[in-house]
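Report on the structure given below.
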Amino acid sequence: MSTLQKRQPALIDPFQRAITYLRVSVTDRCDFRCVYCMAENMTFLPKADLLSLEELDRLCSAFVARGVTKLRLTGGEPLVRRGIMTLVGSLSRHLRSGALKELTLTTNGSQLIKYAAELKSHGVERINVSLDTLNAEKFRAITRWGDLHQVLAGIDAAQAAGLKVKINAVALKGVNEDEIPSLLDWAHGRGMDLTIIEVMPLGDVGDERLDQYLPLSLVRAQLAERYTLRDTDYATGGPARYVQVQETGGRLGFITPLTHNFCESCNRVRITCTGTLFMCLGQEDAADLRAPLRTSESDDRLHAAIDAAVARKPKGHDFVIDRRHRRPALSRHMSMTGG
Ligand code: SAM
Ligand code: SF4
């Protein structure tokens, strides 16, 4: 594990955006096979390519030393990574020192029964749980392998442990579009915010993207027929735009990477489980941080590689669902960069 860090300069990109939010994919594996995220027969990375828990800790700590104040663990499914609680426990020292304001994760919820209380005891306050439907059969069809009841029990466990839960749902044309009001009532009824995500053209998942794509402008218009949606300036440092739903008193977020541009305020970078740094979710450019990690015990090379990468952070992305060629805009899967 990393020892005391030298004081390092903050990470500011060429467009004067400070990088304060790091998302780390701790594994490419998952116990689900969501249709928009993975193909059913995925080939996963060889174990030797993955960063060890110690390397993940060192990498995250290097970013914390550079001014990252929010760290999100994701995947694949972060809670299926063996030893994940060791990593969470060790990263929690940055919460205690005050360097990190938030340590959080995005999960499919399947392992929360087991881990919710421990997450809370390590200083995790809020988590995002991905859930697209409350219908058990549909849930199985979307996730291919998931069990809705296990996830719902996991959400119960998380709330019982005192974790604040936000639900993320991907809007899927003809699949859950008619269910969004009931998801909203359910989430808000339990004191959970809901964020709806527009499906993104990432990775070949063996399904037809154009068949999944549902513009959130349409979802919002439909919701506005039933609910009073008030725009708010509430921001979590993420790309979601939030409205307050008058009838439920809860918050509803929309993440619309395809129809909206949220790049101007982007404060984040992403690392894959092999130590590849992506400066933008929507661009291919990346930097390898595993080699500088593995070839030197000092963090100097690592910091130099991080600096060189952040200096290349692009101004924005240009997602398109390619209507002529019908192929994903980017070849990597969401489970690599973690969303
Ligand atoms: N396994 C965890 C989960 O499902 O929450 C964390 C990783 S998952 C890749 C992170 C988020 O990305 C989930 O909310 C998932 O629904 C979303 N996601 C995956 N593929 C997507 C896609 N093609 N378009 C939009 N969202 C996607
Ligand atoms: Fe797994 Fe999350 Fe991808 Fe679903 S969205 S397959 S739960 S990584």
Can you tell me which lysines have their Cα less than 23 Å from the Cα of Lys138? Leave out same-chain residues fewer than eight positions away.
Lys166, Lys173
Set of aspartates and glutamates near Lys164 by C-alpha distance (under 18 Å), chain-local residues within fewer than 8 positions excluded
Glu102, Glu118, Glu125, Asp156, Asp185, Asp193
Measure nothing fancy, just the Cα-based angle from helix 84-97's long axis to the longest principal axis of the chain, in degrees from 0 to 90, nearest 10.
70
Restricting to region 1-116, what percent of DSSP beta bridges are antiparallel, rounded to 5?
10
Fraction of antiparallel bridges per DSSP, region 3-337 only, in percent to nearest 5
30
What net charge is computed for the residues neighbouring Leu229, neighbours being all others with C-beta under 13 Å from the C-beta of Leu229, Lys and Arg scored +1, Asp and Glu -1?
+2
By average C-beta atoms within 10 angstrom, highest first, the peptides 42-51, 173-182:
173-182, 42-51
Per the beta carbon screen (other Cys under 4.7 Å), unpartnered cysteines of the chain come out as Cys30, Cys60, Cys263, Cys266, Cys273, Cys280
Once the other residues with Cβ under 11 Å from the Cβ of Arg126 are scored (Lys, Arg +1; Asp, Glu -1), what is the net sum?
+2
The local net charge around Glu179, scoring Lys/Arg +1 and Asp/Glu -1 for residues other than Glu179 whose Cβ lies under 10 Å from its Cβ, equals -2
Of Leu53, Leu73, Leu223, which is the most mobile in a GNM of the chain whose springs link Cα atoms less than 10 angstrom apart?
Leu223
Would you mind putting 82-89, 275-282 in packing order, based on average other-beta-carbon counts within 10 Å, highest first?
275-282, 82-89
Cα-Cα pairs above 31 Å in the chain: how many percent?
30
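All of the numbers you see were taken from the coordinates with simple rules; none came from a lab. Bear in mind the structure is a predicted one, so any value in this text is a computation, not a measurement. So basically every Cβ, Gly included, is an ideal-geometry build from the backbone, and we count neighbours across all protein chains shown.
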